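Heads up, the thing below is written out as structure tokens.
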Amino acid sequence: MTTNPSPQIWLYDTTLRDGTQCEGLSVSIEDKLRIAKRLDQLGIPFIEGGWPGANPKDVQFFWQLQEDPLKQAEIVAFCSTRRPNTVAAAEPMLQAILTAGSRWVTIFGKSWDLHVTEGLKTTLEENLAMIRDTIEYFRSHGRRVIYDAEHWFDGYKHNRDYALQTLEAAIASGAEWLVLCDTNGGTLPHEVSESVTTVKSHLSLVLSEAEVSVTCQKTMTTPQIGIHTHNDCDLAVANALAAVMAGATMVQGTINGYGERCGNANLCSLIPNLQLKMGYSCITEHQLTQVTEASRFVSEVVNLAPDEHAPFVGRSAFAHKGGVHVSAVQRNPLTYEHIQPETVGNRRRIVISEQAGLSNVLAKARTFGIELDKQTPEAKQILQRLKQLESQGYQFEAAEASFALLMYEALGARQEFFEVKGFQVHCDLVEGKETSSALATVKVAVNGQNILEAAEGNGPVAALDSALRKALVNFYPQLASFELTDYKVRILDGHAGTAAKTRALVESGNGHQRWTTIGVSTNILAASYQAVVEGLEYGLLLHSQAEAAVKA
């Protein structure tokens, strides 16, 4: 017995063009190439690389890909229709698109009569000529064309007949895709559905009754519809799904939803929804398990913190904190998880907090390879200590490494790599200006030997971290690969003024792993120092465990 294959949805990624318009996001040519190759591995069929000719960076990007092409994805050049009252063959910007060498070109044109008369300052008929002339020009040079109908939904609302005429011009000139763009992000899902349905019906009727160009007849008989949505009403993903349900077969979006203003449709949510929830085929099952990694890779390259609460790929997407939830998930994950996290490359996390019960503690211990029983005094001791510390301001859901050390201590298995004896920090201040350097002195003991060391750093925490590693590196050479990767401070009781308790979170790494530790004190430096010390201790513990595993 054979089964019908899942219907195909074509993914079109515009992270490297529309996504880079996100405030605070900037990428180099090297960054763009790395992202393009990662998207290629993910199985994205169309990757929009930018607007060649608009800036030197995009020109060089397309040249680089001519020398080292992608494995499976089509790289797409993007540009507008020609200017009013010119001819496409004489447009320098269109020449630059041809030089980019991409087989596919995306052209955007005006759908909204307001933009034609007020923005372009031209006539409605000239705008139609611009669409026809530009597409026919690229088709005559062997390029395949995707037509992006800019401001489609606004144009459709205000002047439906004219908006439909722009699509007729595009399809008659040889465009293979008509992508309906919610450029302002203000459309609602039911409006998207109605518009897509109308477009499909209208264009099918037009093609059956009117004679279209020979070029178009050779490429397709019925236009294929795409959707491009923005997130200004927090509906970009919902609108894209509504368009697919109404018959769209291409979805445009960006990784992590990056884009101008509130962003674009998030492919990291669209792909699993389309494939796992709606039964469409987008990428292979193996590639689907790489979505979380791709999301984090892109956020790392563009130097934006990942959204920990993002659906499907966020660190908290499958995190369980309440004791009742954890207990149920341990019995059957379906009780509080809508999919298996592994299908998108994520993982289940048991969050430890003051709301935790013994189920949380036992489940969390297993993630560190520790098997505990509810009836053992150690399990109850860990829970009691956890709640005691959280009442003092500790927050272990964000500092799993510190919780691991707490567990090892309760079990009598916490290794003492070094003993902290004390520290001092000196910062020089210049009137009206604070210097960026600090001097820290630390005293530690290793195997009964006292070590006193000093180091400078860019601020007191960096100086403390440097001084500690300097004091310990002769005993533990692996510390040379450790680094302090992030540092956060929060005042817990602001009404107490300078006597307020401070919580410090320090993220450390060794080039392969990252871990977070916590410190709490009324002294901000003491809180920071505690977190730094535990960060080094946990890193040494990881190294020790790795060595033991190799020997075993």
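The values are calculated or read from the model by the stated rules, or taken from the named source; none is laboratory data. Treat the numbers as computed from the prediction; the structure is a model and nothing was measured. Backbone-built Cβ (ideal geometry, glycine too); neighbour counts: all protein chains shown. For accessibility, only protein heavy atoms count, side chains too; no ligands or nucleic acids. Shrake-Rupley method; radii C 1.70, N 1.55, O 1.52, S 1.80 Å.
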Accessible surface, per residue, of the range 44-161 when the full set of protein chains is kept, probe 1.4 Å, Å² = 43 Å²
Can you run phi through the Karplus equation (6.51, -1.76, 1.60; θ = phi - 60°) for the range 260-271 and list ³J(HN,Hα) in whole Hz, with x for Gly and Pro?
-> 5, 6, 8, x, 9, 4, 8, 5, 5, 9, 5, 4
Count the DSSP beta bridges whose two residues both fall in the chain, then state the antiparallel fraction as a percent rounded to the nearest 5.
-> 45 percent
Determine which aspartates and glutamates satisfy two conditions relative to Lys121: a Cα distance under 19 Å, and not lying fewer than 8 residues away in the same chain.
-> Glu91, Asp113, Asp133, Glu150, Asp154
Local net charge near Thr106, Cβ-Cβ under 14 Å (Lys/Arg +1, Asp/Glu -1) = -3
Ratio of the chain's C-alpha Rg to 2.2 N^0.38 Å, to two decimals?
-> 1.20
Stokes-Einstein D for the range 331-391, Kirkwood Rh over Cα pairs, 25 °C, 0.890 mPa s (µm²/s) | 191 µm²/s
Tilt relative to the chain, helix 460-472 - C-alpha long axis, 0 to 90 degrees, to 10 = 60 degrees
Of the cross-linked pairs Lys37/Lys488; Lys110/Lys200; Lys374/Lys501; Lys387/Lys551, which ones have a Cα-Cα span greater than 30 Å in the structure shown?
-> Lys37/Lys488; Lys374/Lys501; Lys387/Lys551
Leaving ligands, DNA and RNA out of it, rank Met130, Met278 by accessible area with a 1.4 Å probe, largest first.
-> Met278, Met130
Of 190-197, 223-230, ordering from highest average Cβ density within 10 Å down gives 223-230, 190-197
Report, to the nearest 10°, how far helix 189-209 tilts away from the longest principal axis of the Cα atoms in the chain, using its own Cα long axis and a range of 0 to 90°.
-> 30 degrees
Before anything else, pin down the relative contact order of the chain: Cα pairs under 8 Å, at least 6 apart, normalised by residue count, whole percent.
-> 9 percent
Reachable lysines, given that their alpha-carbon falls under 16 Å from the alpha-carbon of Lys380 and they are not under 8 places away in the same chain = Lys364
Relative contact order (percent) for the range 162-302, with alpha-carbon contacts under 8 angstrom and 6 or more residues of separation?
-> 22 percent
In degrees, nearest ten, helix 358-367 long axis to first principal axis of the chain (Cα) = 80 degrees
Taking the Cβ of Ala77 as the centre, find all other residues whose Cβ is under 12 Å away and add up their charges (Lys, Arg: +1; Asp, Glu: -1).
-> +1
Binned Cα-Cα distances of the range 230-327, short to long, each 5 Å bin given as a whole percent | 3, 12, 21, 23, 19, 12, 7, 3, 1
Heavy-atom accessible surface of the chain: percent carbon and sulfur, 1.4 Å = 50 percent
Taking the C-alpha atoms of the range 1-137, convex hull volume expressed per residue in Å³ = 163 Å³
For the range 442-552, the Cα-Cα pair-distance distribution in 10 Å bins from 0, as whole percents, is 14, 41, 31, 11, 2, 0
Could you give me the ³J(HN,Hα) list for the range 335-344, computed from phi with Karplus coefficients 6.51, -1.76, 1.60 and θ = phi - 60°, whole Hz, x at Gly and Pro?
-> 5, 9, 9, 7, 9, 6, x, 5, 5, 10
When only the heavy atoms of the protein chains count and the probe is 1.4 Å, how do Arg82, Arg103 rank by accessible area, highest first?
-> Arg103, Arg82
If the chain between Lys37 and Thr284 were fully stretched, how many nm would it gain, using 0.36 nm times the residue separation less the Cα-Cα distance?
-> 87.2 nm
